[in-house]
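I have a structure I would like to understand better, so I am pasting it below and will then ask my questions one at a time.
FYI, it's all coordinate maths here, none of it is from the lab. These numbers were taken from a predicted model, which means no experiment stands behind them. No Cβ is skipped: glycine too gets one built from the backbone with ideal geometry, and neighbour counts run over all protein chains shown.
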Amino acid sequence: MKNKNSKIFWIMITPTFISVILLTYVPILKGFIIAFQNYNLFNLSNVHFIGFKNFWAVFSDTNFNFLRILLNTFLWVVISLFFQFILGFGLALLLKKPFKGRGVYSGLVFYPWALSGFAIGLVWAWMFNGQFGMINDILKRIGLIHRNIGFLSDPKYALISVITTNIWYGIPFFAIMLLAALQSVPTELYEAAEIDGAGSFRKLFSITIPYIKPTIINTTLLRAIWIMNFPEIIYAMTSGGPANSTNILATQMINKIYNFYDYGQGSAIGLVIMAILLTYAIIYLKVTSLKELEL
Amino acid sequence: MKIMTKFMKVLALMVYLVFALIPLYWIIITSLKGPKEIYTFPIRYLPTSISLQSYKRLFTFTNFTIYFRNSLIVSLSASFGALLITMFSGYAISRYGFKFKKYMLLALFFTQMIPTFMIMVPLYTIFSKVGMINKLTTLAILYTNMMIPFSAIMAKGFFDRIPISLEEAALIDGCSRVQALFKIVIPLTLPGLSAIFSFSFVNTWNELFLAVMFMNSDAKMTIPVALNSFISKAGIGWDIMSAGLVIALLPTMVVFAFAQRYIVAGLTKGAVKG
């Protein structure tokens, strides 16, 4: 029966095909080419190939130290992902057993998931505000600090502030995903372990985690890719500043395009991002021995 | 011991709740304080009086009604568009054992790694050639395209869970493929399809960068573009901004409240199979 209706299947799949090819893969090929061109949006009459010059320009940019940007990107992804995962997992464990009002409660803690990263960045920028921000006010009231901290204007604090916002934003994703996985663990496994006298920690590490491992792998993989490509929060809060201290690859790409109109260098950074993500995805899947990404 | 763990659990739940709600509380309170009280010391966590002044200023000082309408038009049409298209392709991928099924899925998955900025200018060139810049239709098309890969993957996941035997029975009874799809498969996947729709609505409602690139006149701005322009616009302080933010955040929260169950099922069982 599978091949009999092939004509209908092709008709069904064609719109998706056309859209993905025409509006994603064709533009991305063009983006590839532009990465090797002198392509300034204010000087489009002078577009020509310049080999790897865009890449060298990005790597050796003295105003925006590239190593710092790489380090920021690494910290942004790893710290955010780590705490999003740990706190999300914790929340999922708390919500595993039913209790009165669990539905309402999960709605109240999961809602950040549906919000715009950009809008949330602005909300947190207001909370971190150096003059009128509530975070400064609360820290002063409980006596932890005596003078206001410029959370977003002081290079010492800016990165940790945007990462905090990202952690807050990403907890629900992991909680939602892991909660669903937790509920699929057969209760008999726990019962058997209890008979053997296993404690909570034993059960967590020898039953729960091994059982939901595929979900853990898939969600962290997807989320890491997503966080790396997620400039909205930083763009809203600091735009990569002050002094390059919160600049990640994705925001540097915006910077090159919005402020320097240099789409060639912007695309070069885009290629670097994609190369890193692709390498990461392949290594991650090899190491975790998940042969095929199940979708 | 038991009471102790229970107490710890409740305490942890409270901490999570407070942490999750503080930003929302703070922005709502800010928007209700009125322009003057926002900048007074000491900071007030409960406003002395509720004032709708900021909202009034938002709607008189800016064209926020138009931005809201634009956002609504673009998001709704893109979500419907993506749903309609991927309902079919998701079904086809799920049911038809064509050779490059795996590659098709990988090609869809790979789009998730592409930075928006990488394809933005090429897209702009394409659309400007046909004179489609600064049009809501264009943004709706781009958003539909943006939502198609993930929606198709989700839809495929939903259809995978409907036993083929159900359709085979219908086909034997003389139904056509398309009839079987509409009469049997789609009714069974309605929750999944509403999850796809809500997911698209949330994502398109929140999209900023494509809209900034393609929508350059005030009359065509969506809410995120407007908020972005507020940052540098003279005369706009945190009063107008906070009111705008509350209105920007509310619709997706409402959608989430209603569709949460389905979205969760859709994301977990459709996309990331455990």
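Using a 7 Å offset from Cα along Cα-Cβ at A:I209, what residues in region A:167-201 end up with backbone N under 15 Å from the label point?
So the set is A:199-201.
Picking from B:L106, B:L249, B:L227, which is most flexible by a Gaussian network model of chain B using Cα springs under 10 Å?
Highest fluctuation among the options: B:L106.
Classify region A:64-287 from the C-alpha gyration tensor, please: rounded if a/c falls under 1.5, else prolate or oblate depending on whether a/b exceeds b/c.
Oblate, because a/c is 1.5 or more while a/b does not exceed b/c.
Okay, next question. Which residue fluctuates most in the GNM of chain A (Cα springs below 10 Å): A:I269, A:I142, A:I160?
Evaluated over chain A, the most mobile residue of the options is A:I142.
Just tell me which lysines come within less than 23 Å, Cα to Cα, of B:K36; anything on the same chain fewer than 8 places away is out.
Candidates past the 8-residue exclusion: A:K140, B:K56, B:K233.
Can you give the calculated 222 nm mean residue ellipticity of chain B, where each DSSP H run of n ≥ 4 adds -39,500 (n - 2.57) and the sum is split over every residue, rounded to the nearest 500 deg cm²/dmol?
After summing the helix terms and dividing by residue count, I get -24000 deg cm²/dmol.
Can you compute the modelled spin-label distance between B:K36 and A:A243, with each label point 7 Å from Cα toward Cβ, in nm?
4.0 nm
Assigning unit charges at the beta carbon (Lys, Arg +1; Asp, Glu -1) and nothing else, what dipole magnitude in debye, to the nearest 20, does chain B show about its Cα centre? Can you show the working numbers first?
Values: 24 positive and 8 negative charges, 84 e Å.
The calculation lands at about 400 debye.
Hey, what D do you get for chain B in µm²/s if you plug the Kirkwood alpha-carbon radius into Stokes-Einstein at 4 °C and 1.567 mPa s?
Using the Kirkwood radius from Cα pairs, D works out to 60 µm²/s.
Under a GNM of chain B (C-alpha, springs under 10 Å), which listed residue has the highest mean-square fluctuation: B:L13, B:L250, B:L123?
Result for chain B, Cα springs under 10 Å: B:L13 fluctuates most.
If each residue's Cβ is checked for other Cβ atoms within 10 Å, how do B:F19, A:F49 rank with the fewest at the top? Please list the in-between numbers first.
Working: B:F19 14, A:F49 11.
Ordered from fewest to most neighbouring Cβ atoms within 10 Å, B:F19, A:F49 come out as A:F49, B:F19.
Rounded if a/c is under 1.5, else prolate if a/b is larger than b/c, else oblate: which is region B:41-191, with a ≥ b ≥ c the root eigenvalues of its Cα gyration tensor?
On the way: a/c = 2.54, a/b = 1.81, b/c = 1.40.
It is prolate, given that a/c is not under 1.5 and a/b is the larger ratio.
Might you report the magnitude of the Cβ-based charge dipole of the protein assembly as shown about its Cα centre, with Lys and Arg at +1 and Asp and Glu at -1, to the nearest 20 debye? Present the calculation step by step, with values, prior to reporting the outcome.
Working: 45 positive and 19 negative charges, 104 e Å.
Once rounded to the nearest 20, the dipole reads 500 debye.
So, one more: Kindly put A:E194, B:E167, A:E232 in sequence by how many other C-beta atoms sit within 10 Å of each C-beta, fewest to most. Show your work: numbers first, answer last.
On the way: A:E194 12, B:E167 21, A:E232 24.
With the fewest neighbours first, A:E194, B:E167, A:E232 line up as A:E194, B:E167, A:E232.
Follow-up. Mind checking which lysines have their C-alpha under 27 Å from A:K286, skipping anything on the same chain fewer than 8 residues away?
Straight-line reach from A:K286, under 27 Å: A:K213, B:K99, B:K101, B:K102, B:K156, B:K269, B:K273.
I've got another one for you. I need the shape label for region A:34-163. Rule: rounded when a/c is under 1.5, else prolate if a/b > b/c, else oblate, with a, b, c from the alpha carbon gyration tensor.
Prolate is the answer for region A:34-163, as a/c is 1.5 or above and a/b outweighs b/c.
Set the Förster distance to 51 Å, then compute FRET efficiency between B:A234 and A:F17 from the Cβ-Cβ distance, nearest 0.05. Could the numbers behind the result be given before it?
Values: r = 48 Å, r/R0 = 0.93.
The calculated FRET efficiency here is 0.60.
How much length is gained on full extension from B:S176 to B:M132, taking 0.36 nm per residue of separation minus their Cα-Cα distance?
My answer for the length gained is 11.9 nm.
Same structure again: Given Cβ point charges of +1 (Lys, Arg) and -1 (Asp, Glu) and nothing else, what value in debye, to the nearest 20, does the dipole of region A:64-287 about its Cα centre take?
Numbers: 15 positive and 8 negative charges, 57 e Å.
My answer is approximately 280 debye.
Still on this model: So, in nm, how far is label A:I142 from label B:F19 when the simple model puts each one 7 Å beyond its Cα toward the Cβ?
1.2 nm
While we're on this one: Sort A:L75, A:L23 so the one with the fewest other Cβ atoms within 10 Å of its own Cβ comes first.
With the fewest neighbours first, A:L75, A:L23 line up as A:L75, A:L23.
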